[in-house]
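The values are calculated or read from the model by the stated rules, or taken from the named source; none is laboratory data. These figures come from a predicted structure and were not determined experimentally. Cβ: placed from backbone, ideal geometry, glycine included. Neighbour counts: every protein chain shown. When the accessible area is computed, the model is the full protein with side chains, heavy atoms only, and any ligands, DNA or RNA have been set aside. Shrake-Rupley method; radii C 1.70, N 1.55, O 1.52, S 1.80 Å.
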Amino acid sequence: MPMDASTQKPLLGAPDSAYQTFPQRNAHQLDREYIRTLQNKRLFLAAFAAVLGNFNFGYALVYTSPVIPALETSNIPTLKITRVEESWFGSMFTLGAAAGGLSAMLLNDRLGRKLSIMFSAVPSAVGYAFMGSAQGVWMLLLGRLLTGFAGGVTAASIPVYISEISHPGVRGTLGACPQIMAVLGSLVLYALGLKLSWRWLAVAGEVPVLTMIILLCFMPNSPRFLISKGKDDEAVGVLRWLRGQNTDFHREFEQIKESVRQQSRRISCAEIKDPFIYKPILIAVLMRFLQQLSGVTPILVYLQSIFQSTAVILKPEYDAAIVGGVRLVSVLIAAFSMDKAGRKILLFISAGIMLASNLILGLYIHYTSPPSHNSTTTIVNGTLVSPESLTAKPSGYITLIPLVATMLFIMGYAMGWGPITWLLMSEILPLKARGVASGLCVLVSWLTAFALTRFFLLVVQDFGLEVPFLFFAVICAGNLLFTGCCVPETKGRSLEQIESYFRTGRRSLMRHHI
C-alpha cells in the first residue's frame, strides 16, 4: 500500500497521531502484528547458507592448533617448521583477515552482500588446497593468508546480509548465528584434529566452503541492496519469498525504499561531518576496537601457555574442548536472550564478568608468582616458561582460580561483547556507508588482534603475566562506561527506526520500550 508523507517520519517507539501509518492504528502495534504473520522458514534457510561462511571462519582460525605440533616433528625437511615460522603461521590469518575486511569495503557496495560472501569461497578453497598439498612452509603461509582473507570478507559481509534480510522479531537471534557457527567450526576442527592428519584437516575444510556456495546460488540478494540498485521489482519478489505470499510485505518494502531513498547518494567526505553518519560509524568502530582490547584473542591463542604459567593442573588436549564448550553454551544463551533482555543489558553483564575475571586472574598471578619476571620468564616455542613459577606452585583449591576465571571470561565475552558487537555493527550503520563502514570495523578489529597477539608474549617477558590481565580489566571497565554513554538499545526496532534515531537524536523515544 502506498505511504503518504506523514508515514515517512521517524518511527521510534511511541508515535503520536502524526506518525500513524494507517488511520486510528498505532504504527508500533502494526509492526508487531505484521511480524506475527510472517513465515520464517525461508529466512532461516538463507541465514544458514550465509553463516556457513562463519563456520569456515572458525574452522580456519584455529587450524594451526593441531597442525603446528605435527609440523615440528615432520619427516619432510621443507615442512619442518621453525619457531619464527610458527609465529608467522599463527598470525598470518589475522593479516589476511585485515586485508579481507579492507576489500569488503568495496565488495559489499559493488557486488552486494550475497555475492561478496560467495566470492570469499574462492580464496578459502584455494587456501585449503595450498595447505593440504603443501610441500614447503611458503605454501602453508600462503594458505593461511588466503583463508584469513576469506574470513575477513565474510566477517564484514555476513552480519550485514543477515540483518538486511531479517525482520526485528528474529534479528537478534539470527544476529548471534555468525558467532555460534564460528565457535562450532572451531569445535569441529578440534574434534577432527584428534583423528585426522593435518593434510586431511585442510581437505575437510573444503566441505563447508563448497556447501555454502552451492546453497547461496539459490538464495536471494538482500532487498535493501536491490532497492539501492534500482531493482524494485526484484526486491518485492525477495520480500515475498522471505516473508510469505499472504503477508503485508509491500508495507515493509515501502519502509525500506524510503530509507534507501534518504541515503541514495554515495557518502562524501563532507557528509562524514554529519552526526547521522559519523556517530554510528564511530560507535561501531570503537566497539570492535574495545572488543579486541578486552583480551579475547591473546587469551584464546595462548590459553595453554597461560595455564602452564599459572600452575593449573589440566591436560592440554582438553583445554580447547572445555573453552569451546563454554563459548558455545554462552553464545547460545545470548542468541535466545538478545531479543528478550535487550542488547545493552547483555553488554553490561558481559563487560562486568570480563572485568571481574581479568582482575581476579591478574591479582592471582601477581600474588602467587615470583617477584621478578625479567630474569626468569622466557618464551620457548610460543609457550611462557618460568622455572620459579613452575616450582613454587600454589596448593589446594586455590589452583582452580585461574581455570575458573578464564572460563568466566570466555563465558562473559561469548554472551555479550562477542556476538552483540557484530549484531550492532549491522544494525546501526547507515545504509549509504554500511559496506565501507563494516569493512572498516573488521579491518580495525583484526589489526588490533594482530598487535595484541604479536606483543602479548613480549609484555609478559618484560613485565610479568599479570600486567596484560590488569590492562584488560581496565579496558573492560571502560567498556561498561562506553555501553552506558554511547550504545543505543536496538531491541525490537527496525533498521529504519534505528536510522531515524541517529538522524533526530531523540534518545527519549529510543528508551520508551526498553
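At-a-glance table
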| item | result |
| --- | --- |
| Between the stretch 443-482 and the stretch 167-216, the Cα center-to-center distance that results, in Å | 28 |
| Full-stretch length increase - K279, S74 - with 0.36 nm per residue and alpha-carbon distance subtracted | 68.6 nm |
| Two-site FRET efficiency, A191 against H366, from Cβ-Cβ distance with R₀ of 30 Å, rounded to 0.05 | 0.25 |
| Phi to ³J(HN,Hα) by Karplus 6.51 cos²θ - 1.76 cosθ + 1.60 over the stretch 458-466, Hz, x for Gly, Pro | 5, 5, 4, 5, 8, 10, x, 5, 6 |
| I398 paired with L106, simple spin-label distance in nm, labels 7 Å along Cα-to-beta-carbon | 5.8 |
| Length released on extending from A341 to R199, taking residue separation times 0.36 nm less the Cα-Cα span | 46.7 nm |
| 30 Å Cα-Cα threshold exceeded, pairs from K195/K344; K41/K195; K229/K340; K114/K257; K80/K114 | K195/K344; K41/K195; K229/K340; K80/K114 |
| S222 long-range amide H proximity, modeled H, under 5 Å | R113, K114 |
| Sparse-neighbour loop sites [trypsin sites (Lys or Arg not before Pro); the stretch 71-118; at most 15 other C-beta within 10 Å; DSSP] | K80 |
| Dipole of the stretch 52-159 [Lys/Arg +1, Asp/Glu -1 at C-beta], most positive-end residue of L95, S157, A60 | S157 |
| Accessible carbon and sulfur surface of the stretch 93-251 relative to its total accessible area, %, 1.4 Å | 70 |
| Dimensionless Rg ratio for the stretch 51-174, taking C-alpha atoms and the 2.2 N^0.38 Å reference | 1.18 |
